[in-house]
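Each value in this text was obtained by applying a stated rule to the coordinates, not by laboratory testing. Everything quoted here is computed from the prediction, not taken from an experiment. All Cβ positions, even for glycine, are placed from backbone atoms using ideal geometry, and neighbour counts span all protein chains on display.
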């Protein structure tokens with residue numbers, strides 16, 4: 001397919017000609033992972049130093065952790081304290097869809113386990129926020145293309161350095177793109193919270209409105225139907241046409257009220 005003028009083809013897709021097409025190692029540094037303090041020493045996990053695991057990388061900003069460790073654990077395990085604002089991505093267990101492509105930004109100083117890799121922007125080349133948005137979009141694809149392993153698929157530092165990335169040539173443009181996408185994420189999050197609240201309200205209303213009351217009559221479903229139920233046909237779906245009847249399959253039908261009813 002012929003490219004439009006002003007664009008070029010790259011491994012991750014078509015981009016403007018003035019955008020940079022390079023590898024992670026060209027614009028990033030770090031490529032380091034953490035460790036797990038020895039589990040048999042219980043006191044290692046009684047401190048207040050945040051310790052991040054890959055399961056906490058959920059396309060988010062991490063402001064707290066499930067587990068915390070002591071300064072002794074940090075020293076004995078030779079862990080690094082990762083600064084606030086660091087990009088992290090999962091590097092093991094990438095055969096699983098829930099882990100593959102997962103990433104986060106630290107909102108606190110923290111340490112990590114060996115399944116998280118930290119990356120740092122090289123000065124004036126890339127922003128952490130742009131890297132985050134790029135990886136949210138392409139992380140799953142990159143893992144499928146580049147990670148190694150048979151049963152458990154993983155990145156190494158060497159592989160991570162070779163991952164392709166495309167980016168605008170100026171920090172200002174990267175910031176504008178990342179800000180627009182971040183604002184969209186925030187809007188989606190607020191809408192999801194609102195939807196969850198409305199669902200909870202609806203569930204409460206259903207429990208009140210559909211709870212059997214004095215004077216209600218108990219009948220069998222068949223007594224309420226104007227004619228006997230009938231089955232449809234067992235046939236393969238075809239491409240949509242506005243002159244054909246709609247063909248609805250059972251997995252296209254959701255419960256009318258959205259919830260099962262229990263009394």
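Brief remarks on what is shown
- Ranked 64, 185, criterion: other C-beta atoms within 10 Å, fewest first: 64, 185
- Three-way shape label, the stretch 127-207, alpha-carbon gyration tensor, a/c 1.5: oblate
- Value of D in µm² per second that Stokes-Einstein yields for the stretch 160-207, Kirkwood Rh from Cα pairs, at 37 °C (0.692 mPa s): 235 µm²/s
- Estimated distance in nm for a label pair at residue 189 and residue 123, the labels positioned 7 Å out from Cα along Cα-to-Cβ: 3.1 nm
- Considered as an equivalent ellipsoid built on the Cα gyration tensor, the stretch 73-162 has semi-axes of 21, 18, 11 Å, the largest given first.
- With the cut-off at under 17 Å, measuring from each backbone N in the stretch 153-179 to a point 7 Å along the Cα-to-Cβ line of residue 7 picks out 166-168.
- On the beta carbon distance between residue 38 and residue 17, with R0 = 51 Å, the FRET formula returns roughly 0.45.
- Relative contact order of the chain, pairs being alpha-carbon contacts under 8 Å that are 6 or more residues apart, as %: 20 percent
- Prolate/oblate/rounded label for the chain (Cα gyration tensor, a/c 1.5): oblate
- Against the main long axis of the alpha-carbon atoms of the chain, helix 128-146 sits at an angle near 80°.
- Prolate/oblate/rounded call for the stretch 109-263, Cα gyration tensor, a/c under 1.5 rounded: prolate
- Residue exposure proxy: 191, 28, 181, ordered by other Cβ atoms within 10 angstrom of their Cβ from fewest to most, comes out as 191, 181, 28.
- Spin-label proximity, residue 64 to the stretch 23-58 - amide N less than 20 Å from point 7 Å beyond Cα toward beta carbon: 45-58
- When the alpha carbon coordinates of the stretch 1-71 are projected onto the principal axes, the ranges are 63, 21, 18 Å, largest first.
- Proxy reagent accessibility, fewest Cβ within 10 Å first, across 225, 163: 225, 163
- Burial order of peptide ranges 111-122, 166-177, 226-237 (average beta-carbon count within 10 Å, highest first): 111-122, 166-177, 226-237
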